[in-house]
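A.B. asks: I have a structure here, written as structure tokens, and I will follow up with some questions on it.
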Amino acid sequence: MSKNIIFSGMQPSGVPHIGNYFGAIKNWADLQDDYNCLYCIVDLHAITIRQDPAELHKNSLNALALYIAAGLDPDKNILYIQSHYKGHTELSWLLSCFSYMGELGRMTQYKDKSANNPDNINLGLFAYPTLQAADILLFGSHLVPIGDDQKQHLELTRDIATRFNNIYGDIFTIPEVFTPKTGARIKRLSDPEKKMSKSDGEANYVAILDPADVVMKKFKRAVTDSDTEIRHDPENKPGVSSLLEIYAVATGTSIKSAEADFDGKQYGFLKTTVAQAVIDNVTNPIQEKYNDLIKNPDYLHQVAKKNAEKAAEIGEPILTNVKKAIGLLL
Ligand code: TRP
């Protein structure tokens, strides 16, 4: 039996925050033995919004370094750059003939991005979900680890694949959302009842490349409450509970023992101790590895190339099946 396939895509410009790290990336390393995992830096999706060429170029390689530094072993996972394998664009065209204007126009990300970029509502932005469907379907992916904001795109991917299969037979695997068993849901620092996200401003999240003093400052400003007791009670004490949860995942302890560590302590101490745990166990070690890796662009280029070839090995037979099914002359 061959292993099931996991596929996810990451924007080259986005530095993950500790919510992405604890909720997803950290757990991806545990999957590498049981699944074939592809993690793709989606530079072709990025250009649906105007990009500065030098920035995009730099961001793509840096993103590769960042995901390696965050724990993705590039020998055990197919970590690569989308534009390095032509199969993505090729399948995207084929699938665009099975994607309806109406359904694409209903995508909330398309509506948001076109509202934010009224001068550049381009065809690529409209077709973005079709390229995403191609990313996923190209490899026969079974599982796709994504956040809530991408569920609509996965639903559309399933619709396109099902539509295609209804016409041509069982060509595509119908993918499902992957929800890791162990993923922690880290909350926003200034609004601890909501999941950590970049949408609400810098002060809300800790990016994994934030320097130590910035991490410390952000935690010091984290919302707590007017009471003084440190205990885990998400309903009544969301801020304090969230800090305890971050401490527990950052140090690999249970919430119970985190509570015990802070018994009788004050909120100021809680905030700085949690910040220090994140700095020592997450941001500093990742940044150290990252800084080493970006000193060696040759190595990174070589990883990207080798992994794009591995991706093509999985994608090509599927692409050939799709073309055959449609009736293209091979
Ligand atoms: N659209 C996703 C995002 O913005 C990135 C992405 C591109 C993706 N292709 C994908 C995610 C395929 C999962 C699967 O986050």
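Computed from the coordinates by the stated procedures, all read-outs in this text should not be read as laboratory data. All values reported here derive from a predicted model rather than from experimental measurement. Backbone-built Cβ (ideal geometry, glycine too); neighbour counts: all protein chains shown.
A.B. asks: In Å and from the alpha-carbon atoms only, list the Rg and Dmax of the chain.
C.D. replies: Rg then Dmax for the chain, in Å: 21.4, 75.
A.B. asks: Over the stretch 111-257, what is the mean sequence separation of C-alpha contacts under 8 Å (at least six apart), divided by residue count, expressed as relative contact order in percent? Display every interim value, and only then the final one.
C.D. replies: Details: 146 pairs, mean separation 21.9, N = 147.
It comes to 15 percent, rounded to a whole number.
A.B. asks: Express in % the proportion of alpha carbon pairs of the stretch 1-158 at distances exceeding 27 Å. Could you put the intermediate results ahead of the total?
C.D. replies: On the way: 2641 of 12403 pairs.
That tail contains 21 percent of the Cα-Cα pairs.
A.B. asks: Right, next: Residue farthest toward the positive end of the dipole of the stretch 1-138, with Cβ of Lys/Arg at +1 and Asp/Glu at -1: which of Ser114, Ser2, Ser83?
C.D. replies: Value: Ser114.
A.B. asks: Return the FRET efficiency for the residue pair Arg221, Asp148: r is the Cβ-Cβ distance, R0 is 35 Å, and the value is rounded to the nearest 0.05.
C.D. replies: Working: r = 26 Å, r/R0 = 0.73.
Here the calculated transfer efficiency is 0.85.
A.B. asks: Taking the Cα centroid of the stretch 198-276 and of the stretch 79-116, what is the distance between the two, rounded to the nearest whole Å?
C.D. replies: If we compute the Cα centre of each part, the gap is 39 Å.
A.B. asks: Along each of its three principal axes, how wide is the spread of alpha-carbon positions in the stretch 43-121, in whole angstrom units, largest first?
C.D. replies: Its Cα atoms span 41, 27, 20 Å along the three principal axes.
A.B. asks: Using the alpha-carbon atoms, what tilt in degrees (0 to 90, nearest 10) does helix 238-251 show relative to the longest principal axis of the chain?
C.D. replies: 70
A.B. asks: Continuing with this model, one more query. Restricting everything to alpha-carbon atoms, can you work out Rg to Rh for the stretch 125-175 with a Kirkwood hydrodynamic radius?
C.D. replies: Rg/Rh for the stretch 125-175 comes to 0.95.
A.B. asks: While we're on this one: Starting with the fewest neighbours, write out Cys97, Cys40 ranked by other beta-carbon atoms found within 10 Å of each beta-carbon. Mind showing how you got there, number by number?
C.D. replies: Details: Cys97 9, Cys40 27.
Fewest-to-most Cβ neighbours within 10 Å comes out as Cys97, Cys40.
A.B. asks: Let me ask something else about it. At 7 Å along Cα-to-Cβ for each site, give me the label-to-label distance between Glu90 and Ile47 in nm.
C.D. replies: Rounded to a tenth, the inter-label distance reads 1.8 nm.
A.B. asks: Specify the angular offset, from 0 to 90 degrees and rounded to the nearest 10, of the alpha carbon long axis of helix 151-168 from the longest principal axis of the alpha carbons in the chain.
C.D. replies: For helix 151-168, the angle is close to 20 degrees.
A.B. asks: Around Asn120, with a cut-off of 11 angstrom between Cβ atoms, what is the net charge of the other residues, counting Lys and Arg +1 and Asp and Glu -1?
C.D. replies: Details: positive: Arg50, Lys113; negative: Asp119.
Counting the neighbours of Asn120, the net charge comes to +1.
A.B. asks: Right, here's the next one. What are the extents of the Cα atoms of the stretch 257-312 along their three principal axes, in Å, largest first?
C.D. replies: Largest to smallest, the principal-axis extents are 56, 24, 12 Å.
A.B. asks: Another question, then. What is the Cα convex hull volume of the stretch 89-175 when expressed per residue in Å³? Intermediate values should be presented prior to the final figure.
C.D. replies: Details: hull volume 7.7 nm³, N = 87.
Each residue corresponds to 88 Å³ of Cα convex hull volume.
A.B. asks: So which chymotrypsin sites (Phe, Trp or Tyr not before Pro) in the stretch 148-251 are both in a DSSP loop and have at most 16 other Cβ atoms within 10 Å of their Cβ? Walk me through the numbers before you get to the answer.
C.D. replies: Values: sites: Phe164, Tyr168, Phe172, Phe178, Tyr205, Phe219, Tyr247; in loops: Phe172, Phe178, Tyr205.
Nothing satisfies the criteria.
A.B. asks: Name the aspartates and glutamates eligible as straight-distance cross-link partners of Lys323: C-alpha to C-alpha under 17 Å, and not fewer than 8 places from it in the same chain.
C.D. replies: Output for Lys323: Glu90, Asp135, Asp170, Glu313.
A.B. asks: Which net charge results when you count Lys and Arg as +1 and Asp and Glu as -1 among the other residues whose beta-carbon is under 13 Å from that of Ala29? Walk me through the numbers on the way to the answer.
C.D. replies: On the way: positive: Lys26, Lys76; negative: Asp30, Asp33, Asp34, Asp73, Asp75.
Overall, the nearby charge balance is -3.
A.B. asks: Then there is this: Less than 27 Å apart at the alpha-carbon level, and either on another chain or at least 8 residues along: which lysines does that give for Lys265?
C.D. replies: Of all the lysines, those that pass the test against Lys265 - Cα under 27 Å, at least 8 places apart if same chain - are Lys187, Lys194, Lys195, Lys217, Lys218, Lys220, Lys237, Lys256.
A.B. asks: For the stretch 12-75, what are the per-bin percents of Cα-Cα distances with bins 10 Å wide, up to the bin holding the maximum?
C.D. replies: 19, 48, 28, 5
A.B. asks: Let me ask something additional. How about the stretch 231-326: which GluC sites (Glu not before Pro) there lie in a loop by DSSP and see at most 15 other Cβ atoms within 10 Å?
C.D. replies: Numbers: sites: Glu235, Glu245, Glu259, Glu288, Glu309, Glu313; in loops: Glu235.
Passing sites in the stretch 231-326 are Glu235.
A.B. asks: Okay, moving on. Kindly provide the helix-only [θ] at 222 nm of the chain, computed as the sum of -39,500 (n - 2.57) over DSSP H runs of four or more divided by all residues, to the nearest 500 deg cm²/dmol? Show your work: numbers first, answer last.
C.D. replies: Details: 13 runs with 161 residues, N = 330.
So the calculated ellipticity at 222 nm is -15500 deg cm²/dmol.
A.B. asks: Still on this structure, I have one more. For the peptides 140-148, 64-72, what is the packing order when you average, over each peptide's residues, the other Cβ atoms within 10 Å and list the highest mean first?
C.D. replies: Highest-to-lowest ranking by the protection proxy: 64-72, 140-148.
A.B. asks: Can you find, among Ile146, Leu125, Ile160, the residue sitting farthest towards the positive end of the charge dipole of the stretch 102-166, where Lys and Arg contribute +1 and Asp and Glu -1 at Cβ?
C.D. replies: Result: Ile160.
A.B. asks: In which sequence would Asp112, Asp210 go, from the one with the fewest C-beta neighbours within 10 Å to the one with the most? Present the calculation step by step, with values, prior to reporting the outcome.
C.D. replies: On the way: Asp112 12, Asp210 21.
Fewest-to-most ranking of Asp112, Asp210: Asp112, Asp210.
A.B. asks: Need one number: the % of Cα-Cα pairs in the stretch 172-330 sitting beyond the 25 Å mark. Before the final figure, lay out each step's value.
C.D. replies: On the way: 6197 of 12561 pairs.
Roughly 49 percent, rounded to a whole number.
A.B. asks: I've got another one for you. Evaluate the charge dipole of the chain about its Cα centre and quote only its size in Debye, nearest 20, assuming +1 on the Cβ of each Lys and Arg and -1 on the Cβ of each Asp and Glu. List each step's numbers first, then the result.
C.D. replies: Working: 35 positive and 41 negative charges, 72 e Å.
Charge dipole of the chain: 340 debye, to the nearest 20.
A.B. asks: Measuring from the lowest to the highest alpha carbon on each principal axis, how far does the stretch 142-241 reach, largest first, in angstroms?
C.D. replies: Principal extents (Cα only, largest first): 63, 30, 21 Å.
A.B. asks: Can you tell me the relative contact order of the chain? Whole percent, Cα pairs under 8 Å, sequence separation 6 or more.
C.D. replies: Details: 487 pairs, mean separation 72.9, N = 330.
Across the chain, relative contact order equals 22 percent.
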